[in-house]
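Please read the structure below before turning to the comments.
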Amino acid sequence: MSQDIPISRQRVLLSDFKAALLQQMFFWGRDVMTSGNLLVQHGFIKLPSPGLKGTSCYRLDYRGGIIELHGACAGWYPGAHDPQPGFLFVRTSGRCTSHHLHEPVIPGSYQPEVLCHDTVSTLKGAQVFATWLADYEDWILARQGADYRSQCRHMLGRLPKGSPWLPAPQATKWLRALAQQGAAAPRAKIMFHGTSGHNPTRHAPQQMIRPSRLRQEKSHAALN
């Protein structure tokens, strides 16, 4: 079905997914600071990063492959006999790519020759990652309640360069649509209609934050 949908439209969906993941990376940073580390409680194994000194990565067995999260990147790596493309998002470049790796990349040291920028395969890999992420956010909601993600998003909006994306209920709904429909999924902004007249990527004017509080909130944005 993706062959019938223009590549430009599929690129827009990947752009929406990028915005979702930029917000989500901040959320994961908050999750490791909450209730004794929510990522670990969800089943992730915390490991020292083999690349960026002093940082950690979180690994989860998933569908015969691996989900791995790090403050610099996040990805899906299929099992050795799975021909489907994997997925990688690199925060510093803001790029979503596909690959055929079966072991996670070293954060901060990416191999351009093995990363594919083909839109169709990247969107296909993104569907698997979005499936896991939507399930994870449902788990967070059930465990922590609706106010928790609302507070995380509010904290992100108070940072100088914070760019909140969709609120949690609409975000999870869109992630589920991307996971199930792929290239036929709606734009993320459609999910915001009927809940507010504001652009979902914009936030209220920032309030003044004391430097000590700002340093504390910035530290929560990194997986450690």
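In percent, how large is the relative contact order of region 12-165, given Cα pairs closer than 8 Å and 6 or more residues apart? Walk me through the numbers before you get to the answer.
Working: 211 pairs, mean separation 28.2, N = 154.
Relative CO of region 12-165 lands at 18 percent.
Karplus couplings for region 103-110 from phi (6.51 cos²θ - 1.76 cosθ + 1.60, θ = phi - 60°), rounded to Hz, Gly and Pro as x?
10, x, 5, 7, x, x, 9, 9
Which of K124/K189; K46/K189; K53/K173 have a Cα-Cα distance over 26 Å? Intermediate values should be presented prior to the final figure.
Working: K124/K189 21 Å; K46/K189 34 Å; K53/K173 36 Å.
Checking Cα-Cα distances, K46/K189; K53/K173 exceed 26 Å.
Describe numerically, in nm with one decimal, the distance between label points set 7 Å from Cα along Cα→Cβ at L141 and at I45.
Those two pseudo-labels are separated by 3.1 nm.
Please give the residues of region 61-76, grouped as numeric ranges, whose backbone N is less than 20 Å from a label point set 7 Å along the Cα-to-Cβ vector of T92.
Correct set: 68-76.
Largest first and to the nearest Å, give the Cα extent of region 33-130 along each principal axis.
39, 26, 20
With no solvent and one point per C-alpha, what does the Debye sum give as log10 I(q)/I(0) for region 13-61 at q = 0.23, 0.27 Å⁻¹?
-0.93, -1.03
Just S150, S35, S121 to compare: in a GNM of the chain, with alpha carbon springs under 10 Å, which one fluctuates most?
In the Gaussian network model the winner is S35.
For region 77-184, with all protein chains present and a 1.4 Å probe, just round the carbon and sulfur fraction of the accessible area to a whole percent. Please report the intermediate quantities before stating the final value.
Details: 2570 of 4940 Å².
Carbon plus sulfur share of accessible area: 52 percent.
Can you give the Kirkwood hydrodynamic radius of the chain from its Cα pairs, in Å with one decimal? Before the final figure, lay out each step's value.
On the way: mean 1/r = 0.0558 Å⁻¹.
One decimal place: 17.9 Å for the Kirkwood radius.
Per residue, how much accessible surface does region 1-127 expose to a 1.4 Å probe? Answer in Å², no decimals. Please report the intermediate quantities before stating the final value.
Numbers: 5880 Å² over 127 residues.
Per residue, region 1-127 has 46 Å² of solvent-accessible surface.
Which whole-number percent is the relative contact order of region 81-190 (Cα, under 8 Å, 6+ apart)?
Values: 102 pairs, mean separation 24.8, N = 110.
After rounding, I find 23 percent.
For region 74-146, just list the percent of Cα-Cα distances falling in each 10 Å bin from zero outward, please.
19, 47, 24, 9, 0
The values are calculated or read from the model by the stated rules, or taken from the named source; none is laboratory data. Every value quoted in this text rests on a predicted model; they were computed, and no experiment measured them. For neighbour counting, all protein chains shown are included, and Cβ atoms are generated from backbone atoms with ideal geometry for every residue, glycine included. Surface areas here come from the heavy atoms of the whole protein model, side chains and all, with no ligands, DNA or RNA. Shrake-Rupley method; radii C 1.70, N 1.55, O 1.52, S 1.80 Å.
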